[in-house]
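Nothing in this text is a laboratory measurement; each read-out follows from the coordinates by a stated rule. Because the structure is predicted, anything quoted here is derived from the model rather than measured. Cβ placement follows ideal geometry from the backbone for every residue including glycine, while neighbour counts extend to all protein chains displayed.
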Amino acid sequence: MIASLRIPVMLLGIAALGATALAEGNAENGETVFRKCRACHDVGPNARNKVGPRLNNIIGRKAASLEDYRYSPAFKALGEKGVVWDESTLLKYLAKPSDMVQRSKMVFPGLSDEDDRKDVLAYLKKFSE
């Protein structure tokens, strides 16, 4: 009887591991998805501000807090509210930016695929301390 329970329990464990890995995202896929963002944002060792701010160290950063970037009033208001770009906030924002910040310079409609959002987040984590 005990031996027959081991296989289902092992399968549950494997399924749980797979769900955890999926929830974390895939940075390699995220790099590909991030190409949609590159027209306005930069990330990496030589990142610079473009139409949008550079995204190095975005995770854990207070909204609208880069001193050398000129944010729209809508983003400044977000920062004044104390919004921090943590993982859950970024995932929500990436789904549909206009739901969080109306009347900003950001015209990107968002990433409708949840896996794409998680993958981009995993990619951005590579450039956050």
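Okay, here's what the table says:
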| quantity | calculated |
| --- | --- |
| From phi via Karplus (6.51, -1.76, 1.60), per-residue ³J(HN,Hα) for the stretch 78-89 in Hz, x at Gly/Pro | 4, x, 5, 6, x, 5, 10, 7, 8, 4, 5, 5 |
| Karplus-derived 3J(HN,Hα), 6.51/-1.76/1.60, for each residue of the stretch 111-125, Hz, glycine and proline x | 10, 6, 7, 4, 5, 4, 5, 5, 5, 5, 4, 4, 5, 5, 4 |
| Net +/- balance of residues flanking Ser98 in space, Cβ distance below 13 Å, scoring K and R +1, D and E -1 | +3 |
| Distant-in-sequence amide H partners of Val84 (H built 1.01 Å from N, under 5 Å) | Ala63 |
| FRET efficiency, 1/(1 + (r/R0)^6) with R0 22 Å, evaluated for Asn57 and Arg35 via beta carbons | 0.60 |
| Label-point gap, in nm, between Asp99 and Lys50 - each point 7 angstrom along Cα→Cβ | 2.5 nm |
| Where labels lie 7 Å past Cα in the beta-carbon direction, separation of Arg70 and Glu24 in nm | 4.2 nm |
| Hits among lysines - C-alpha to C-alpha of Lys81 under 22 Å, sequence gap 8 or more where chains match | Lys62, Lys92, Lys96, Lys105 |
| 10 Å-binned pair-distance histogram of the stretch 25-125 (Cα, whole percent) | 16, 53, 30, 1 |
| From phi via Karplus (6.51, -1.76, 1.60), per-residue ³J(HN,Hα) for the stretch 33-50 in Hz, x at Gly/Pro | 5, 4, 4, 5, 9, 4, 4, 10, 10, 10, 8, x, x, 10, 4, 9, 6, 10 |
| Long-range amide H partners of Ser128 with built H, under 5 Å | Asn57 |
